[in-house]
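Encoded as structure tokens, the structure appears first; notes follow it.
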Amino acid sequence: MSRRRIWTLVRREVRATFRDPFTVSILIAVPIVALLAFSFVISSEVHGLRLAVLDGDRSPESRRLVADIGSTGWFVPEPVGTRVEIERALQAGTLRVALVVPADFSRRLREGLAPPEVQLLYDGAEPVLAGNAEGALRGIVAASGGRLVRAPATPGGIRVATGVLFNPRLDGTPFMVAGTFGFVLSFLTTLITAVAIVGERLAGTFDQLQVTPATSLEILLGKLLPLGAIFAVDVVLMMLVAGMLFGVWPAGSALLFIAVSAFYVLVSLSLGLIFSATSATAAEAVEKTVLFSIPLVQMSGFAFPVRNMPMPVQWIAELFPATHYIRVSRGIYLRGEGPIDLFPELVALAIFGFVLLLLARRTLEARA
Amino acid sequence: MTAWVRRRLSNVLAVAYREGLVLRHDKGFLASVLVQPVSMLLLFGFALSYTPANVPWAVLDRSDTPASRRLIEDVRTTGYFLPPRPVYGYAQGRALLERGDALALLVIPRDFRRDVEAGRPEVQLLVDGSDPVTAARILGYVGQVAAHFDVRRTDGTDRVARTATIDPQVRFWFNATLRDRDFFMAIMAGMLLTNLCLSITALNIVGERESGTFEQTLSLPVSSLEIVLGKLLPLVGVSYALLTVAVLGAGLVFGIWPRGSWIALGIATLPFVLASMGVGVFVSSLARTTAQAVFISVFFILPSFVLSGVMFPYELMPPAIRALGFVFPLRWYQIALRRIIARGAGIEDVLGPCLALLVIFGVLLLGIRWRLKPRLA
């Protein structure tokens, strides 16, 4: 292995990458756009959701209940006249939540015998939305009911004092920011290498490389090191954007995060190399990459927690390097975990890296 | 006039025939048409869900009484949790949370039993908030168990356990148990068709340009718009086949059949397919190489999955992001699909989304016409 030859190859790769304005703009735009777009899509609450109110009682008490619900800003109450209106709007998909206050609401409240009933209707066709709305509304109704009753009821059940660690407001942004690193570093890297190498093969420059004295390992490093460095810059760029725009900084060591990310970039770059080396055309390489990255988004825990899957599917998910990287990224970003806590994941990543780098080198040799 | 229309039509059909021949021999195309519906059906039907499962949790039971053990058992039998891990100190439990080995820590105080007898029992629940959706659900599940915990069963007195001063009767329409599977099955056709229409059309024209066959077609007595329409026609057929597969798959495998009108489903699909293919052709006309076309289409498909509302409800997104999602055809189609499949709507309820899709298609056609002027230099 000659350091001079690798250096030459690295310089060649850097020049080739920066000569193409399209690639350069992709390298800058995609990470930032992904951060901006993905960071806000998950939420555990509701905000300004329209709430149809059918008030059959029209008493001060029922108006008080509706006012309490409106005052949180989570729901915007809107009076409706009939039940049919609610049913029609739910059916047409223009309404998500409705509250029906029966005519005997204030009477039962005053008599204090049986607790008054109210009906809460949700559009179950959007389960996440309905679940969030239910959690919020149940709390408001209980609190409002407590204020409406004059004689405090006998307390029942168990009171739960809750505390939330790491993210007290249950904000979705840090979770998605940490996941977006996994998305960008898995997907963009693989795609860029796959396309670049097939392009070189079509142009014939790849065969030229192989007749130079450079060994397959040197060619491999000459490809991986510069692209790895470029993506390491991307990581820092994303960290700065997330930090300065959304105020999301890693809770743990930023250096550890950059180091793991740089290593992970090498893993996905090798994957891209393997895809391209085993494909005859650019279209085929891209097909492989895209087919591989669909489960990547869906099974790596980026959007759906791996824990929620049935056991056999969880084993498959463990076979994606992205699953482990996203776990590391969330561990460092959200919980401030250190290398000792993350040890099993780091070992898994190291094994993936070793195997994939070896495979990438093998595929390069096989073509020579 | 009729002769003019007939000539136009025969031109389009001729190009469509040629295109059908090409597609039939494209192995990658056939594979993706056959493999994708099956893998999506399996993934979204069996594997992916927002509903917490196998949640690891720890219990610090300082009272260790029948009442406290019953509470733990009640939480466990909700079905969302793994068997709890007993811890013997607060620090130990917190360390589990910090390492991510437990998502929740339930602390039952030493005088829990006395508090039960006094009628004001209280426990503490610490939750890992890093995954906010899961955390909120865990708080909800444990809160419900605790609120309905019947203290009478342990102390023998007949104290009335009234949990709430208002008794909310909760009903979830269309999907009583809030199963995520129904949420995904309703829009499966949308995801499949986006993948198909965009990726095929985006690669197609650039590919022909690279190999020079596009310029050859231009030498024929057909206009560039006729070529584009002819190219799209066979794909419309494939799209309807995929729609049928998606709907039948969800119905036969999971018993989730469309509640609304099948005719409305068929009608609403056409403008969506046209708009998606329009995006593909436009991408293709923007890109100079196949690689560029791939990048642009992939980075259109992925955000459209995330922002359109097929994976996450768009009403939960902040206003700017929500508005951005309206440029994706998939946003409108998923609105229509959920109305027809999940809520049983008829054609009159999806006219709005259909109109929006036609507008998107029209704008794209103008763009394509402008970009696809013969470039023979």
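No value in this document is a laboratory result; all are computed from the given coordinates. Model, not experiment: these values are computed from the prediction. Glycine gets a Cβ as well: all are built from the backbone with ideal geometry, and neighbour counts include every protein chain shown.
What the table below lists for this structure:
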| quantity | calculated |
| --- | --- |
| Residues of type aspartates and glutamates that B:Lys27 reaches as a straight line, Cα spacing below 18 Å, ignoring anything fewer than 8 places off in the same chain | A:Glu284, A:Glu287, B:Glu19, B:Glu208 |
| For chain B, the spread of Cα positions along each principal axis, largest first, Å | 93, 42, 37 |
| Aspartates and glutamates whose Cα lies under 19 Å from that of A:Lys288, excluding same-chain neighbours fewer than 8 positions away | A:Glu200, B:Asp26 |
| All Cα pairs of region B:181-376, percent lying beyond 30 Å | 22 |
| Expected-Rg normalisation [2.2 N^0.38 Å, Cα atoms] applied to region B:57-178 | 1.14 |
| Cβ-based exposure ranking for B:Ser276, A:Ser270, A:Ser39, B:Ser32, in which fewest neighbours within 10 Å come first | B:Ser32, A:Ser39, A:Ser270, B:Ser276 |
| A:Leu36, B:Leu357 arranged by Cβ crowding within 10 Å, fewest neighbours leading | A:Leu36, B:Leu357 |
| Helical mean residue ellipticity (222 nm; -39500 (n - 2.57) per DSSP H run of 4+; nearest 500) of the protein assembly as shown | -21000 deg cm²/dmol |
| Fraction in percent of alpha-carbon pairs per bin - 10 Å, region A:79-128 | 24, 40, 26, 10 |
| Spin-label pair B:Arg70/B:Arg120, simplified geometry with 7 Å Cα→Cβ offset, distance in nm | 2.2 |
| Simple Cβ-charge dipole of region B:57-178, Lys/Arg +1 and Asp/Glu -1, about Cα centre, in debye nearest 20 | 120 |
| Mean Kyte hydropathy of 1.0 or more with a Cα span along the axis of at least 18 Å, helices from DSSP in chain A | A:21-38, A:173-203, A:216-246, A:254-277, A:343-367 |
| D (Stokes-Einstein, µm²/s), Kirkwood Cα radius, the protein assembly as shown, 1.306 mPa s at 10 °C | 56 |
| For the protein assembly as shown, with +1 on Lys and Arg beta carbons and -1 on Asp and Glu, the positive-most of B:Ser224, A:Val164, B:Pro132 along the dipole | B:Ser224 |
| Euclidean distance between Cα centres, region B:106-139 to region B:204-242, Å | 63 |
| Per-selection Kirkwood Rh - region A:1-95 (Cα, Å, 1 d.p.) | 19.1 |
| Cα centroid of region A:223-282 to Cα centroid of region B:268-317, whole Å | 25 |
| Inverse of mean 1/r across different Cα pairs in region B:163-246, Kirkwood, Å | 16.8 |
| Length-normalised contact order for region B:181-376 - Cα pairs under 8 Å, 6+ apart - percent | 35 |
| Cα-Cα separations in region B:252-295 greater than 18 Å, expressed as whole percent | 54 |
| Sequence-distant residues sharing a close amide H with B:Val55 (under 5 Å, placed H) | B:Phe81, B:Leu82 |
| Histogram of C-alpha separations across chain A, 20 Å bin width, % | 24, 40, 24, 10, 1 |
| Relative exposure of A:Phe292, A:Phe18, judged by other C-beta atoms within 10 Å (fewest first) | A:Phe18, A:Phe292 |
| Pairwise label distance in nanometres, B:Ser223 with A:Val24, each label 7 Å out on the Cα-Cβ vector | 4.0 |
| log10 of Debye I(q)/I(0), alpha-carbon scatterers only, for region A:237-342 at 0.15 Å⁻¹ | -0.77 |
| Gaussian network model of chain B, Cα within-10 Å springs - most flexible of B:Ile200, B:Ile263, B:Ile301 | B:Ile263 |
| Gaussian network model of chain A, springs between alpha carbon atoms under 10 Å - residue of A:Gly272, A:Gly139, A:Gly336 with greatest fluctuation | A:Gly139 |
